[in-house]
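Taking it in order: structure first as structure tokens, then the write-up.
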Amino acid sequence: MSKPHITLYYAPQTRATGTRIILEELGAPYDLHLLDIQDEHYADAGFREINPLGKVPTIKAGDTVITEQVAITIYLGDYFAEAGLAPAIDDPDRGTYLRWLVFYAACFEPALMDKSTEHDPGPSDRSVYGTFDEMISTLEQALTPGPYLLGERMTVADILWGTALNWTMMFGLVPENPLFRDYVQRITSRPAAVRMQAEDEKLAAEQAAAREQ
């Protein structure tokens, strides 16, 4: 039975970039549904029907809609299992793989939002991520000795994390250190990431020019 076709709802230079890099790394065929979420007049009722929050990335596999970046990452890694970038359900590495994917959504992103908005998460024993420093220290331990989260084995989790750390260090939300810099370099220097960065710059420039018209 053939696999349903993938459509990626996409805005350049957003979290969706990591998802597009994952699709490229998996060698997956997909269509790009381009959105300009930076346009103050932006309104795509059709997309809101697919994802009421209007957030990217969102994908459709046939008639199935998948939202939330981590859910999409898990889905695609399993969906294109032949690429070898996701441990199978019975693989001993599966639990560690899932742990760090969920840590991204449950701890990393909330900690970043609290830091960027100067929001007090309250006592560390009641915070989902403890303290920001504890969250960063936990991530550093996960990436030591490396080179990837599963040692020598790269997965789609590394693409998600490498892309995210690249952006968050760029904006000063995550401290730059040799461990994170080296990890990011391993991911962002890969051909798929280099291609998508160039494509993102082109698409972003085209959208900016269109908004000025």
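State the number of residues belonging to the stretch 102-118 that are over 19 Å from residue 169 (Cα atoms) and modelled with pLDDT under 95. Going through the stretch 102-118 one residue at a time, the tally reaches 0.
Here's the yes/no breakdown for (1) within 28 Å of residue 194 (Cβ to Cβ); (2) aliphatic (A, V, I, L, M); (3) surrounded by fewer than 16 Cβ atoms within 10 Å (Cβ to Cβ); (4) touching a Ser or Thr at 6+ places or on another chain (Cβ under 6 Å):
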site	(1), (2), (3), (4)
6	yes, yes, no, no
20	yes, no, no, no
33	yes, no, no, yes
71	yes, yes, yes, no
75	yes, no, no, no
82	yes, no, yes, no
106	no, yes, yes, no
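Within the stretch 79-113, restricting attention to residues that are touching a residue at least 60 places away in the same chain (Cβ under 8 Å) and assigned to a loop (DSSP other than H, G, I, E, B), the residue that is farthest from residue 129 (Cα to Cα) is 85. Would it be correct to say that residue 124 is of a type outside the set (Phe, Trp, Tyr), outside the structural domain of residue 15 (by TED's automatic domain parsing), more than 28 Å from residue 197 (Cα to Cα) and not in a helix (DSSP H, G or I)? Against the criterion (of a type outside the set (Phe, Trp, Tyr), outside the structural domain of residue 15 (by TED's automatic domain parsing), more than 28 Å from residue 197 (Cα to Cα) and not in a helix (DSSP H, G or I)), residue 124 qualifies. For the stretch 47-78, a residue qualifies if it is over 21 Å from residue 149 (Cα atoms), in contact (Cβ under 8 Å) with a residue 40 or more places away in the chain and touching a strand residue (DSSP E or B) at 6+ places or on another chain (Cβ under 6 Å), and the qualifying residues are 50, 51, 56, 58, 59, 60, 61. Return a yes/no flag: does the stretch 41-61 have any residue that is of a type in the set (A, V, I, L, M, F, W, C), within 19 Å of residue 159 (Cβ to Cβ) and part of a loop (DSSP other than H, G, I, E, B). Yes, because at least one residue in the stretch 41-61 is of a type in the set (A, V, I, L, M, F, W, C), within 19 Å of residue 159 (Cβ to Cβ) and part of a loop (DSSP other than H, G, I, E, B). Without any contact (Cβ under 8 Å) to a residue 24 or more places away in the chain, assigned by TED's automatic domain parsing to the domain that holds residue 145, assigned to a helix (DSSP H, G or I) and more than 16 Å from residue 158 (Cβ to Cβ) - does that describe any residue in the stretch 181-193? Looking through the stretch 181-193, none of the residues is without any contact (Cβ under 8 Å) to a residue 24 or more places away in the chain, assigned by TED's automatic domain parsing to the domain that holds residue 145, assigned to a helix (DSSP H, G or I) and more than 16 Å from residue 158 (Cβ to Cβ). For the stretch 45-55, the candidate set comprises residues that are of a type outside the set (Gly, Ala, Ser) and either surrounded by 16 or more Cβ atoms within 10 Å (Cβ to Cβ) or touching a helix residue (DSSP H, G or I) at 6+ places or on another chain (Cβ under 6 Å) (or both); within that set, the residue that is nearest to residue 192 (Cα to Cα) is 55. With respect to being surrounded by fewer than 17 Cβ atoms within 10 Å (Cβ to Cβ) and modelled with pLDDT under 95, residue 98 falls outside the description.
Restricting attention to the stretch 165-180, the residues that are assigned to a helix (DSSP H, G or I), in contact (Cβ under 8 Å) with a residue 24 or more places away in the chain and surrounded by fewer than 21 Cβ atoms within 10 Å (Cβ to Cβ) add up to 2. Inside the stretch 96-153, residues that are of a type in the set (Lys, Arg) and within 30 Å of residue 83 (Cα to Cα) make up a count of 2.
Of 159, 136, all but one fail to be outside the structural domain of residue 16 (by TED's automatic domain parsing), among the aliphatic types (A, V, I, L, M), more than 16 Å from the chain's Cα centre (by Cα) and not in a loop (DSSP other than H, G, I, E, B); the exception is 136. Considering 67, 58, the condition of being surrounded by 20 or more Cβ atoms within 10 Å (Cβ to Cβ), within 23 Å of residue 110 (Cα to Cα) and hydroxyl-bearing (Ser, Thr, Tyr) is satisfied by 58 alone.
The values are calculated or read from the model by the stated rules, or taken from the named source; none is laboratory data. In this text, all values refer to a predicted model and were calculated from it rather than measured experimentally. A quick note on method: Cβ atoms are made from the backbone with ideal geometry, for glycine too, and the neighbour counts reach across all protein chains shown.
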